[in-house]
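The values are calculated or read from the model by the stated rules, or taken from the named source; none is laboratory data. Quantities reported herein were computed from a predicted structural model and do not represent experimental measurements. All Cβ positions, even for glycine, are placed from backbone atoms using ideal geometry, and neighbour counts span all protein chains on display. Ligands, DNA and RNA are stripped out before the accessible areas are found, and what is left, the full protein with its side chains, is counted by its heavy atoms. Shrake-Rupley method; radii C 1.70, N 1.55, O 1.52, S 1.80 Å.
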Amino acid sequence: MKDGMRLVVISNRLPVSLFKEEEEEEWKTRQSSGGLVTALSPVIKDRGGFWIGWTGTAREDLDLKVLKTILGPSSKEIGYRLIPVLLNQDEVDNYYHGFSNEIIWPLFHDLQNNCYFYPRYWNAYNYVNNIFADVVIGHSNQNDFLWVNDYHLIPLARSLKEKKVERNCFFFLHITFPSRDIFLKLPWRQELVKDLMEYRLVCFQTWRDRRNFIDCLRIFDPHMKVQGRGPVVTVEALGRSTRVASLPISIDFRTFADIASSNAVEAKMNELKTSMLGSKLLLGVDRLDYTKGIPQKLQAYRTALETYPHLREKLTLFQLLVPSREDVPAYRDLKRDIEQIISQINGEFSTSGWVPIRHAYKSVPREELITMYRTADIAMVTSLKDGMNLVSKEYCACRINNDGVLILSEFAGSASQLKKNALLVNPYDRETTAEAIDRAFSMSEKEQYNRMSSMRRSIRRRDVFWWVNNFLRVSMNRELHDFPEREMAPLLPQSRVRV
Ligand code: GDG
């Protein structure tokens, strides 16, 4: 290991978010529930690493002194240091709500009609990446391993280069990379692929994403070269050379399985089972996002109730909707649409003792989520497109008795790993998805066992630590144990930090 090498994770958001209770003055912190945090927190904890990211709140609303007093204790609690990036309201609107969530997010999920290609969004995206670069420069040094995450920060390596600062930057894209026909709609398409080529490694979730990226590069440089085979190749294009890989993210399998077998979960599970009054539980857990195919899931369930009447009163759908991007109008509209569909279905099929769909619009503590996974006879993921989808893996990890059925969209990245044993569906195809619901409902214990044990083996073998180890290995020939457990990273002098 190089002397003093530290693991520095950089992502749009810090792994904690700041909030105020209604009518209260005091700021509080909550650990975020996103996929990235779930995956990386156990890894940098206690390894002298730190995390750089935006606080999630506009700087106009934050007193800087107060911020220090909030983040200090949070850092202690989670075991690594949190370095905030401060953004004003205008930057938040144009870089985060704008370029990130109204251009890249929908476009990369093939939903070009949801895009607003405003040039001011592009300018803010670059400007904010420059701010991130300043914070990175202020806190890291040449030896550090900079792990840059996701679509908000594609220009970061270029920003550092323009500031003539050398850093070891490696990039992981958590969402899918679209096919060339879709990608070409982006007005800043060439800039974006060039920026990705500024990293020492660009890593995607699946082979398909990597192939799409290489296909796009070829448009801008027909003479590009790809050397090597397998999960990591070297690409020479646009006057640069970088390694391009695919590596599916995963979960902390053991922790999920351990919590699932705890007495506390067992007790809560019995409570939840009793409340089901003999009906089986079909579970959906999704951020409230238009890529997750929630209306499609509800409609497929409705078709199942119509086509297979024996499911009525015998199979209840519980849909957990985790609040997300509530400031973006498309998300508010989606929430309204979903609630409308739920009340229609409930109006149509409810009986005196049974309501077909129950739902909750909130984030629940992890133990409660795991109780749901353990109780659910079937879990259903119907993403229209998804980089990986950790929920599908978490459900399997929690099935400690190797029972339960996973219905999984063929458009989720996890389908490439679980396709043999999940029931794969095309969420746009309501009838065959309904058929899969019925099949899952009637599946024999033996078939459930065979399928679930096989999926669990595969996820256990390729857990989040496997993912991190492989990312470090392909990036710099390092392993997780090259970053030994140690005290929290010291901060560089405050004067070098932009606030
Ligand atoms: C992006 C990509 C990729 C959900 N509700 C609660 C809760 N969660 C946790 C789940 C899971 C995570 O949130 C959701 O992860 P997903 O992978 O399903 O989805 P995205 O948030 O869209 O994540 C995705 C991921 O990045 C990682 O690379 O897989 O494709 O879109 O871990 O457990 N956690 C708690 N309470 C909840 O109510 N505690």
> Where does the chain land on Rg(C-alpha)/(2.2 N^0.38 Å)?
Replying inline: 0.98
> Where in the range 290-381 are there GluC sites (Glu not before Pro) that are in a DSSP coil and have at most 12 other Cβ atoms within 10 angstrom of their Cβ?
Replying inline: GLU326
>> Less than 13 Å Cβ to Cβ from ARG120, Lys/Arg counted +1 and Asp/Glu -1: what total charge do the surrounding residues give?
In response: -4
> Hey, which of these cross-link pairs are over 32 Å Cα-Cα: LYS273/LYS362; LYS185/LYS225; LYS292/LYS314; LYS28/LYS273?
Replying inline: LYS28/LYS273
> Setting aside same-chain residues fewer than 8 positions from LYS20, which aspartates and glutamates have a Cα under 18 Å from its Cα?
Replying inline: GLU60, ASP61, ASP63, GLU326, ASP327
>> Please give the charge dipole size of the chain, origin at the Cα centre, charges +1 on K and R Cβ atoms and -1 on D and E Cβ atoms. Round to the nearest 20 debye.
In response: 1720 debye
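Once you charge only the Cβ atoms, +1 for Lys and Arg and -1 for Asp and Glu, what is the size of the charge dipole of the range 253-461 about its Cα centre, to the nearest 20 debye?
640 debye
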>> What does DSSP give for the chain in terms of the percent of beta bridges that are antiparallel, rounded to the nearest 5?
In response: 25 percent
>> Explain nothing, just the number: relative contact order of the chain, from Cα pairs under 8 Å at least 6 residues apart, as a whole percent.
In response: 16 percent
> If one puts a single equal scatterer on every Cα of the range 49-147 and applies the Debye formula without solvent, what log₁₀ I(q)/I(0) results at q = 0.13, 0.15, 0.16 Å⁻¹?
Replying inline: -0.57, -0.73, -0.81
>> Could you give the length gained by full extension between ASN123 and SER444, i.e. 0.36 nm per residue of separation minus their alpha carbon distance, to one decimal place?
In response: 109.9 nm
>> If each residue of separation counts as 0.36 nm, what is the full-extension length gain between ASP215 and ASN401 once their alpha-carbon separation is subtracted?
In response: 62.6 nm
> What percent antiparallel are the DSSP beta bridges of the range 173-279, to the nearest 5?
Replying inline: 70 percent
> Based on the Cβ-Cβ distance from ASP337 to THR307, what FRET efficiency comes out when R0 is 22 Å, to the nearest 0.05?
Replying inline: 0.45
> Counting each DSSP H run of 4 or more residues in the chain as -39500 (n - 2.57), what helix-only mean residue ellipticity at 222 nm follows after dividing by all residues, to the nearest 500 deg cm²/dmol?
Replying inline: -12500 deg cm²/dmol
> Under 18 Å from the Cα of LYS45, which aspartates and glutamates turn up, not counting those fewer than eight places away in the same chain?
Replying inline: GLU77, ASP144, ASP252, ASP463, GLU479, ASP482, GLU485, GLU487
> Taking the mean number of other Cβ atoms within 10 Å as a proxy for protection, how do you rank 330-337, 400-407 from highest to lowest?
Replying inline: 400-407, 330-337
> When we measure straight from the Cα of LYS268, which aspartates and glutamates land under 14 angstrom away, once same-chain ones fewer than 8 places off are left out?
Replying inline: GLU367, GLU368
>> Once each part is reduced to its C-alpha centroid, what is the distance from the range 330-390 to the range 92-119 in angstrom?
In response: 26 Å
>> Within the chain, what whole-number % of the accessible surface is contributed by carbon and sulfur, with the 1.4 Å probe and all protein chains included in the calculation?
In response: 46 percent
>> Please compute the per residue accessible area over the range 193-274 with all protein chains in place, 1.4 Å probe, rounded to a whole number of Å².
In response: 47 Å²
> By the scheme Lys and Arg +1, Asp and Glu -1, what is the net charge of all other residues having a beta-carbon under 13 Å from that of SER352?
Replying inline: 0
>> Run the numbers for ASN88 and ASN130: contour at 0.36 nm per residue of separation, minus the present Cα-Cα distance, in nm.
In response: 13.7 nm
> Counting other Cβ atoms within 10 Å of each Cβ, which trypsin sites (Lys or Arg not before Pro) in the range 355-391 have at most 13 and sit in a DSSP loop?
Replying inline: LYS362
